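These notes are about the structure you will find just below.
The values are calculated or read from the model by the stated rules, or taken from the named source; none is laboratory data. This one's a predicted model, so the numbers in the text were calculated from it and none came from an experiment. All Cβ positions, glycine included, derive from the backbone under ideal geometry; neighbour counts span all protein chains shown. Areas reflect the complete protein model, heavy atoms only, side chains present, ligands, DNA and RNA absent. Shrake-Rupley method; radii C 1.70, N 1.55, O 1.52, S 1.80 Å.
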Amino acid sequence: MDKNGKVISVPALKVEVVDTIGAGDAFAAGFLAARLAGKDMKTCLTSGVESATDAVGLVGGQPDNSNEF
């Protein structure tokens, strides 16, 4: 819900699920990163869904580390 009590939702993305480990953590990370960047609630939810979608496509939810910082 937003600060006015309006329910906001975004659809799940279609993906072949390999492993659900880490999906919740990935969702939270994507959501919070967008929220801390000042994004609106719908954008935050979308970011969380995209992150979780990436996680469930991998065994153990491990990201691709080829682009290390």
Note to self: Under 8 Å between Cβ atoms, which residue pairs at least 6 apart in sequence (or on different chains) link something in the range 1-13 that is under 11 Å from LEU45 (Cα atoms) and modelled with pLDDT of 90 or more with a partner that is open to solvent by 90 Å² or more (accessible area, probe 1.4 Å) and outside any loop (DSSP other than H, G, I, E, B)?
What the structure shows: ILE8/LYS42; VAL10/LYS42
Check: Got a sec? Which of THR53, THR43 is in contact with a helix residue (DSSP H, G or I) (Cβ under 7 Å, 6 or more places away or on another chain), among the polar types (S, T, N, Q) and surrounded by 15 or more Cβ atoms within 10 Å (Cβ to Cβ)?
Finding: THR43
Margin query: Looking only at residues that are small (Gly, Ala, Ser) and loosely packed, with under 13 Cβ neighbours inside 10 Å in the range 24-40, which one is nearest to LYS3 (Cα to Cα)?
Written below: GLY38
Margin query: surrounded by fewer than 18 Cβ atoms within 10 Å (Cβ to Cβ), at pLDDT 95 or above, hydroxyl-bearing (Ser, Thr, Tyr) and touching a helix residue (DSSP H, G or I) at 6+ places or on another chain (Cβ under 9 Å): is that true of THR20 in this structure?
Written below: no
